[in-house]
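Encoded as structure tokens, the structure appears first; notes follow it.
The values are calculated or read from the model by the stated rules, or taken from the named source; none is laboratory data. Values in this document were obtained by computation on a predicted structure and should not be read as measured data. We place every Cβ from the backbone using ideal geometry, glycine too, and count neighbours over all the protein chains shown. Surface areas here come from the heavy atoms of the whole protein model, side chains and all, with no ligands, DNA or RNA. Shrake-Rupley method; radii C 1.70, N 1.55, O 1.52, S 1.80 Å.
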Amino acid sequence: QEGSLCAQHCLNNLLQGEYFSPVELSSIAQQLDEEERMRMAEGGVSSEEYRTFLQQQPSVNMDDSGFFSIQVISNALKVWGLELILFNSPEYQRLGIDPINEKSFICNYKEHWFTVRKLGKQWFNLNSLLMGPELISDTYLALFLAQLQQEGYSIFVVKGDLPDCEADQLLQMIRVQQMQRPKLIGEEAAQSRDQRLPRSDVDQAIEVNHPFDGTGMLDEDEENFQRALALSRQEVDMEDEEADLRRAIQLSMQGSHRSELSGSLPQNVPQSSHSSQTDSLSSEELRRRRQAYFEKQQQQLQQQDQTPNQQDKATLSSSTPEPGAGGDMSEEDMLQAAMNMSLESVRNHLNSEEEK
């Protein structure tokens, strides 16, 4: 857009050609000013109203910035046989106008004018403040106009036949797709200028600690929620691992205890279950029993050195890791030992069943 000649750009975008120049629009404005002055003089050149009119700015239909009034635009369009009707006015309601069936609109807010026109079978926002035309879908048109009205724009329907143009003929045959909305004039320059400005040490530190990865920044509540969720998952995983270890140790102790009882009790004596007692054992009690069991296994290893012909005990002792100094073992070693003991007790039980 050149200067503030948005009214000129609005008319030329509507007609799709360089039909009006600032000089031509200024001539229309001066003509309207003269006609208005003559009407005011009819009441007497010495009247208070006439003197007040003369003391106003040189023109009420244009100014030095390039602004032109709605009267100038309306008179300019009359040359092409076009008429402006105020959106939602009584005449608009009387004609039963449906926006989707019209061809174009002219919108004004304060000193800015722009055109919304249908080219081919699609609507375009031809605002001269944009880098290019903005595609408007049929379903969005009514919402777009209602939003402009809410923002304080005056909207005029352009009635009449617009002159033929190449863009309209081309878009009658094809439809266009717009992947990205055009930016405002000067928006790219402002963004590039902001990028060139030196950043403070605080901004650089924030960027280093929180690099932008394109996924969007989480607010403080969302970050706290994600952190709490991760901690809860870790706690659940640790509880699951501890429960698995405790179950494995309980099963191994039950199996070894049953195998010892099966060798010492008569056949007609029922073997009692110790699952309920084991379930109620505390972690400290389990730890003491594990220690006692490992010490017993150490004694069996020493006896094995003296009596190497005991095959079954050698198999059990070879699969059981020795405790470290002071009897301390890691949780992983304890789990492995418990699994080995459980498997050994199952083998002993199957052997005893086969002997029967």
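A few remarks follow.
- Inter-label distance, nm, simple model (7 Å from Cα along the C-beta direction), residue 121/residue 47: 5.7 nm
- Sequence-ordered 3J(HN,Hα) estimates for the stretch 12-17 from the Karplus curve with 6.51, -1.76 and 1.60 and θ = phi - 60° stand at 5, 5, 5, 8, 6, x Hz, glycine and proline given as x.
- In sequence order, the stretch 129-141 has phi-based couplings of 7, 8, 5, x, x, 10, 6, 10, 6, 4, 6, 8, 4 Hz under the Karplus curve 6.51 cos²θ - 1.76 cosθ + 1.60, θ = phi - 60°, and Gly or Pro positions carry x.
- About its Cα centre, the dipole of the stretch 7-187 is roughly 600 debye, where the only charges are +1 on Lys and Arg Cβ and -1 on Asp and Glu Cβ.
- Straightening the chain between residue 92 and residue 302 buys 64.7 nm, computed as 0.36 nm per residue apart minus the Cα-Cα spacing.
- The slack between residue 79 and residue 31, meaning 0.36 nm per residue of separation minus the straight C-alpha distance, is 15.8 nm.
- Nonlocal amide H pairs with residue 130, under 5 Å, H built at 1.01 Å: 185
- With every protein chain in place, the stretch 16-157: carbon and sulfur % of accessible area (1.4 Å): 52 percent
- Each of residue 187 and residue 23 was given a label point 7 Å from its Cα along the Cα-to-Cβ line. The distance between the two points is 3.6 nm.
- Calculated from the alpha-carbon coordinates, the stretch 7-187 shows an Rg and a Dmax of 18.4, 63 Å respectively.
- Rolling a 1.4 Å probe across the protein heavy atoms gives the stretch 7-187 an accessible surface of 57 Å² per residue.
- Once the chain from residue 111 to residue 55 is taken as fully extended at 0.36 nm per residue, the excess over their C-alpha distance is 17.9 nm.
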